[in-house]
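Read the structure below first, then the notes.
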Amino acid sequence: MTKVITYGTYDMLHQGHINLLKRARDLGDHLIVGVTSEDFDKARGKINVRQSLMERVEAVKSLGIADEVIVEEYAGQKIDDILRYGIDIFTVGSDWEGYFDYLGKWCRVIYLDRTEGISSSELRSESYNVRLGIVADNQYAEKIIRESNYVNGLTISGAYVPPPCNLALANGPGNAVHSFESLSDLLEHSDAVSVVVKPHLHYQIIRAALEAGKHVLCEPPLVLDSIQDEQLRQLAQEKELVLTEGIKTAYSTAYRRFIRLVQSGRIGKIISVDTTCTSKADLESKKPEELENLWGSLCGWGPMALLPIFQLLGTNYKRKTIITSLADSDVKFDLFTKIDFLFPSATASIKVAKGAKSEGGLVVTGTEGYGYIPAPWWKTDYFELRFENPSENQRFFYQLDGEGIRLELVSFLRSIEAGSRELCLDEDIGRAITEVLQDFYQGKDVEYLA
Ligand code: CTP
């Protein structure tokens, strides 16, 4: 009996898949089909898969071509499968020509002709396409534009740069992004907007976008005032639009797994969550009025630093103390800010700085052990759980594609498609972040360092 094996994602099953499976079946007497798991796909950079593993397995099974369907979960599994199932032929489409030659050591490798003109990627783009407009006054927007290239069903419609800012955005070298003269022009040509401008401009821009019926992904903080925050969220709800903060870390796989592991009690009861985010900016050459136009430490880093605290301990803290060092008493540019929170049965702290440097780690203290993400924790592919007995320590690695921005865009797109905010950041966390920023700028609970 000749045993054949083939692998694929089989998302939105199409004629190309069916043709390939039939040809593979014809190569022998018994066909095994490996369907990739979600984690495996993510780890190899395939982030857009629409259907769940179970849906894809069912679709392949229902064709009745395969004798067995298995799940592919890890790199290197193909060799194990070939040995485990006594495979004679490994086969896959010609788009992989040469790539699996190394398996020739264990069985025959045959590349079959791929069906022209159809792919899951194309089906995904055709089934749903969102034109994303960019409103930006800084270069960070280019990261979002670049990452959007990896997301099926998302195209950049162009950019609007509010004056007096003068910024030309590109989608890679020599590839300028179309620039719109006005916000209304951009909105007219977009289904959704990504807002990457200074926070004091957010309210007007988001309001205009929502009123024009456009979904909004906004760099945090959403706004600096709780009343405005509520108005915008309500407007989005009334208009059935997605409005969410783009805190990229919230979407990175390693960070998400860390949060879930800690929430599942692996380090016991949480006693303290402590985060630090610093980046030393060149501030010495700046005049006070120039500083006014920059994002301060808390505004720039605060939302990120607060994220794990509010995710793990909730947003109902009993009190907080903000200690800050301002660059100039007339200018609310903070060089360094520390906030201590008291929760009913835990404590938390953040340290953020643009005018100071420290170890940018995240530590969650638990009664049984602690969770640790080394610097820079906000773009991590790695974390540890540590215990009294070091032999119990565990290390975890996950691929970090696009610092989480790519997965953030996928979640935003899926939320738009599903007409629900479920996949986005919890709104209470967004509200709590706005409140902290508002208190800081109003001087509430604030102590100033001399
Ligand atoms: N395949 C094929 N002809 C196509 C598309 C896919 O023969 N038009 C084959 C691939 O070569 C592979 C198998 O079907 O052997 C599963 O491929 P998969 O990656 O799941 O499908 P794609 O449509 O290529 O998916 P994507 O666009 O996400 O890469």
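The values are calculated or read from the model by the stated rules, or taken from the named source; none is laboratory data. Just so you know, these numbers come straight off a predicted model, no measurement behind them. Backbone-built Cβ (ideal geometry, glycine too); neighbour counts: all protein chains shown. Keep in mind that these areas ignore ligands, DNA and RNA; they rest on the heavy atoms of the full protein, side chains included. Shrake-Rupley method; radii C 1.70, N 1.55, O 1.52, S 1.80 Å.
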## Note on the structure
Checked against (1) among the aliphatic types (A, V, I, L, M); (2) open to solvent by less than 50 Å² (accessible area, probe 1.4 Å); (3) touching a residue at least 60 places away in the same chain (Cβ under 8 Å), ILE309 satisfies every condition except (3)
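Looking only at segment 145-158, which residues are within 14 Å of the ligand (Cβ to nearest atom) and among the polar types (S, T, N, Q)?
Looking only at segment 145-158, we keep the residues that are within 14 Å of the ligand (Cβ to nearest atom), and these are 150-153.
The one that is within 14 Å of the ligand (Cβ to nearest atom) and among the polar types (S, T, N, Q): ASN152.
GLY302 - would you say it is farther than 15 Å from THR434 by Cα and buried (at least 17 other Cβ atoms within 10 Å of the Cβ)?
Working: farther than 15 Å from THR434 by Cα: no; buried (at least 17 other Cβ atoms within 10 Å of the Cβ): yes.
No: the conditions fail for GLY302.
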### Query
If you scan segment 1-58, which residues turn out to be within 8 Å of the ligand (Cβ to nearest atom), within 21 Å of TYR74 (Cβ to Cβ) and open to solvent by less than 40 Å² (accessible area, probe 1.4 Å)?
THR6, TYR7, GLY8, THR9, TYR10, ASP11, THR36, ASN48, VAL49
### Query
Does any residue in segment 16-39 that is among the acidic types (Asp, Glu) come within less than 6 Å, Cβ to Cβ, of a residue that is assigned to a helix (DSSP H, G or I) six or more places away or on a different chain, and which pairs are these?
GLU38/LEU53
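Please specify each residue of segment 269-296 satisfying the condition of being at pLDDT 95 or above and open to solvent by 20 Å² or more (accessible area, probe 1.4 Å). Let's see the steps before the verdict.
Taking segment 269-296 as the starting set, the residues that turn out to be at pLDDT 95 or above are 269-278.
Hits for segment 269-296 are LYS269, ILE270, ILE271, ASP274.
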## Note on the structure
When restricted to LEU326, LEU342, the only residue buried (at least 18 other Cβ atoms within 10 Å of the Cβ), touching a strand residue (DSSP E or B) at 6+ places or on another chain (Cβ under 9 Å) and not in a loop (DSSP other than H, G, I, E, B) is LEU326
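If a residue must be open to solvent by less than 10 Å² (accessible area, probe 1.4 Å) and in a helix (DSSP H, G or I), how many such residues does segment 252-265 contain? Can you show your working first?
Within segment 252-265, the subset open to solvent by less than 10 Å² (accessible area, probe 1.4 Å) is 252, 254-255, 258-259, 262.
This time we only want the ones that are in a helix (DSSP H, G or I), so: 254-255, 258-259, 262.
Within segment 252-265, residues that are open to solvent by less than 10 Å² (accessible area, probe 1.4 Å) and in a helix (DSSP H, G or I) number 5.
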### Summary
Output for Cβ contacts, cut-off 9 Å, separation at least six or different chains, first residue under 23 Å from THR367 (Cα atoms) and without any contact (Cβ under 8 Å) to a residue 40 or more places away in the chain in segment 333-356, second of a type in the set (D, E, K, R) and open to solvent by less than 60 Å² (accessible area, probe 1.4 Å), reads ASP340/LYS320; PHE341/LYS320; LEU342/LYS320
### Query
What are the pairs, 6+ residues apart or on separate chains, where a residue within segment 252-264 that is under 17 Å from LEU400 (Cα atoms) has its Cβ under 8 Å from a residue that is surrounded by fewer than 21 Cβ atoms within 10 Å (Cβ to Cβ) and of a type in the set (S, T, N, Q)?
THR253/GLN399; ILE259/GLN311
### Query
Cβ-Cβ below 7 Å, separation at least six or inter-chain, first residue in segment 89-104 and among the hydroxyl-bearing types (Ser, Thr, Tyr) and modelled with pLDDT of 95 or more, second open to solvent by 10 Å² or more (accessible area, probe 1.4 Å) and in a strand (DSSP E or B): which pairs?
THR91/ILE110; THR91/LEU112; SER94/TYR111; SER94/LEU112
### Message
Take the conditions in contact with a helix residue (DSSP H, G or I) (Cβ under 8 Å, 6 or more places away or on another chain) and modelled with pLDDT under 95 and apply them to LEU335. Does it pass?
### Response
yes
### Query
Where in segment 154-236 are there strands (runs of 3 or more DSSP E), lying fully within it, with 1 or more residues that are acidic (Asp, Glu) and open to solvent by less than 60 Å² (accessible area, probe 1.4 Å)?
none
#### Entry: Of residues in segment 125-144 being surrounded by fewer than 17 Cβ atoms within 10 Å (Cβ to Cβ) and not in a helix (DSSP H, G or I), the one farthest from the ligand (Cβ to nearest atom)
ASN138
### Query
Taking GLU359, is it closer than 30 Å to LEU283 by Cβ, of a type in the set (Asp, Glu) and in a helix (DSSP H, G or I)?
no
### Message
Filter segment 68-100 down to the residues that are in contact with a Cys (Cβ under 7 Å, 6 or more places away or on another chain) and within 15 Å of the ligand (Cβ to nearest atom) and list them by number.
### Response
ILE89, PHE90
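Quick one: which strands (runs of 3 or more DSSP E) lie wholly within segment 1-118 and hold at least 1 residues that are of a type in the set (Lys, Arg)?
In segment 1-118, 3-8, 108-112 are the strands (runs of 3 or more DSSP E) which contain 1 or more residues that are of a type in the set (Lys, Arg).
Per-residue answers, yes or no, for (1) closer than 21 Å to SER148 by Cβ; (2) hydrophobic (A, V, I, L, M, F, W, C):
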residue: PRO173; (1), (2): yes, no
residue: ASP185; (1), (2): yes, no
residue: SER194; (1), (2): yes, no
residue: LEU217; (1), (2): yes, yes
residue: GLU230; (1), (2): no, no
residue: THR244; (1), (2): yes, no
### Message
If I ask for residues that are within 20 Å of THR36 (Cα to Cα), more than 7 Å from the ligand (Cβ to nearest atom), more than 31 Å from the chain's Cα centre (by Cα) and open to solvent by less than 50 Å² (accessible area, probe 1.4 Å), which ones from segment 101-124 would you list?
### Response
LEU103, VAL109, ILE110, TYR111
### Query
Between residues in segment 389-410 that are modelled with pLDDT under 90 and residues that are open to solvent by 60 Å² or more (accessible area, probe 1.4 Å) and not charged (D, E, K, R), which pairs lie under 8 Å by C-beta distance while being six or more apart or on different chains?
ASP401/TYR150; GLY402/TYR150
